[in-house]
Amino acid sequence: MPRSVNHVASRAKRKKILGLTRGYFGARKNVWTVAKNTWEKGLTYAYRDRKNKKRNFRALWIQRINAAARLEGMSYSKLMGALHKAGIEINRKVLADLAMNHPEAFKAVVAKAKAA
């Protein structure tokens, strides 16, 4: 008796991945093995870069806070130490937003930190 193979499912799987690689250059879009490898590697890059995105944003926030803190006569590390000492729990994302969009509020936070 001949071997039964589910051609419908295997073709559907290939079509799905070839559909996902639409728009890629050259053989990456229409040659099964190349397309599959490219797609898998793309998933790896996507996973890695979701982690890197968080790292990059934190670095950006720190740079913005540092720039604003230096206008107030403090360095970033001194400011963060003073905030911790004063018991002001405000995260870097919000602090950077204050520094950029609400400088008067940032000045108030720095003044409160200096006072403690």
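The values are calculated or read from the model by the stated rules, or taken from the named source; none is laboratory data. Quick caveat, the model's predicted, so the values are computed rather than measured. Note that we place each Cβ from the backbone using ideal geometry, even for glycine, and neighbour counts take in every protein chain shown. These accessible areas exclude ligands, DNA and RNA; they are computed on the full protein's heavy atoms, side chains included. Shrake-Rupley method; radii C 1.70, N 1.55, O 1.52, S 1.80 Å.
Residue-wise test of (1) open to solvent by 40 Å² or more (accessible area, probe 1.4 Å); (2) closer than 30 Å to R28 by Cα; (3) without any contact (Cβ under 8 Å) to a residue 24 or more places away in the chain.
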position: S75; (1), (2), (3): no, no, yes
position: K78; (1), (2), (3): yes, no, yes
position: H84; (1), (2), (3): yes, no, yes
position: V94; (1), (2), (3): yes, no, yes
position: A113; (1), (2), (3): no, no, no
Would you mind finding the one in I62, I88 that is part of a helix (DSSP H, G or I) and either crowded, with 18+ Cβ neighbours inside 10 Å or out of contact with any Pro (no Cβ under 9 Å at 6 or more places or on another chain) (or both)? I62
Within the range 3-57, restricting to residues that are within 30 Å of D97 (Cβ to Cβ) and either touching a residue at least 24 places away in the same chain (Cβ under 8 Å) or of a type in the set (A, V, I, L, M) (or both), the one that is least open to solvent (accessible area, probe 1.4 Å) is A46
Checking the condition assigned to a helix (DSSP H, G or I) and of a type in the set (A, V, I, L, M), which residue from M74, M100 passes? M100
When you scan the range 1-39, how many residues do you find that are in contact with a Ser or Thr (Cβ under 7 Å, 6 or more places away or on another chain) and not β-branched (V, I, T)? 5
Against the definition (polar (S, T, N, Q), more than 17 Å from K107 (Cα to Cα), out of contact with any Asp or Glu (no Cβ under 6 Å at 6 or more places or on another chain) and in a helix (DSSP H, G or I)), how does N56 come out, yes or no? yes
